[in-house]
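Notes follow once the structure below has been shown.
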């Protein structure tokens, strides 16, 4: 008898099969995101308890699991072929999925996937927000815990805001710190 939980009715046997396949895929070191995303999406349709069990039995982090559910929903809803999904990558597919939920009709999907395959994830996110990413470069550096805490304090003092377990508006705050340092130097 099918269980009606979540978004649609899923036969119990199909739900069990999806769970077995997802568990096996999540435990493999080389993650085949396409099949895993589709199986996690199917499990999500059957209810969230199956996903909670997946997290504890496979060690797959909850956040990644729900990102993959979004990717699986996108793949299933728009019948995106595996080759195209592999070309774009699951991180950018997740960004496209969120963007489609917020604004665009599915008729623009092929264009979005072309933009996604031609850009890095950070640039894609900015482009989909309507921001021109020309001339920007990402900067990455490593800090120990004390230095990171000091950086966070400085960013907060210069306008960054707490959000979840991190900060938002960090870029603008960092630029204010740089301007202040340059003014004090000269």
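Test residue 115 against the criterion of being surrounded by 15 or more Cβ atoms within 10 Å (Cβ to Cβ), in the same structural domain as residue 32 (by TED's automatic domain parsing) and more than 30 Å from residue 24 (Cβ to Cβ), and give yes or no.
So residue 115 fits the description; yes.
Mind listing whichever residues of segment 24-42 are at pLDDT 75 or above and in a helix (DSSP H, G or I)? Step through it out loud before you land on a result.
The initial filter retains those residues of segment 24-42 that are at pLDDT 75 or above, namely 32-42.
Selection gives 33, 34, 35, 36, 37, 38, 39, 40, 41, 42.
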Some residue of segment 60-78 being in contact with a helix residue (DSSP H, G or I) (Cβ under 6 Å, 6 or more places away or on another chain) and at pLDDT below 75: no
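Please tell me if residue 45 is over 20 Å from residue 102 (Cα atoms), in contact with a strand residue (DSSP E or B) (Cβ under 6 Å, 6 or more places away or on another chain) and either assigned to a helix (DSSP H, G or I) or assigned by TED's automatic domain parsing to the domain that holds residue 101 (or both).
Details: over 20 Å from residue 102 (Cα atoms): yes; in contact with a strand residue (DSSP E or B) (Cβ under 6 Å, 6 or more places away or on another chain): yes; either assigned to a helix (DSSP H, G or I) or assigned by TED's automatic domain parsing to the domain that holds residue 101 (or both): yes.
So residue 45 fits the description; yes.
Can we say residue 55 is in the same structural domain as residue 21 (by TED's automatic domain parsing), in contact with a helix residue (DSSP H, G or I) (Cβ under 8 Å, 6 or more places away or on another chain), under 28 Å from residue 13 (Cα atoms) and without any contact (Cβ under 8 Å) to a residue 12 or more places away in the chain? I'd like the intermediate steps shown before the answer.
Values: in the same structural domain as residue 21 (by TED's automatic domain parsing): yes; in contact with a helix residue (DSSP H, G or I) (Cβ under 8 Å, 6 or more places away or on another chain): yes; under 28 Å from residue 13 (Cα atoms): yes; without any contact (Cβ under 8 Å) to a residue 12 or more places away in the chain: yes.
Here the answer is yes, as residue 55 does meet what is asked.
Would you mention how many residues in segment 160-186 are in a helix (DSSP H, G or I) and within 17 Å of residue 138 (Cβ to Cβ)?
Step one: filter segment 160-186 for residues in a helix (DSSP H, G or I), giving 170-185.
This time we only want the ones that are within 17 Å of residue 138 (Cβ to Cβ), so: 170-175, 178.
Count: 7.
Here's the yes/no breakdown for (1) exposed (fewer than 11 other Cβ atoms within 10 Å of the Cβ); (2) in a loop (DSSP other than H, G, I, E, B); (3) outside the structural domain of residue 75 (by TED's automatic domain parsing):
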| position | (1), (2), (3) |
| --- | --- |
| 86 | no, no, no |
| 93 | no, no, no |
| 97 | no, no, no |
| 100 | no, no, no |
| 109 | no, no, no |
| 136 | no, yes, yes |
| 140 | yes, yes, yes |
| 152 | no, no, yes |
| 155 | no, no, yes |
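The values are calculated or read from the model by the stated rules, or taken from the named source; none is laboratory data. Not measured: the values here are computed from a predicted model. For neighbour counting, all protein chains shown are included, and Cβ atoms are generated from backbone atoms with ideal geometry for every residue, glycine included.
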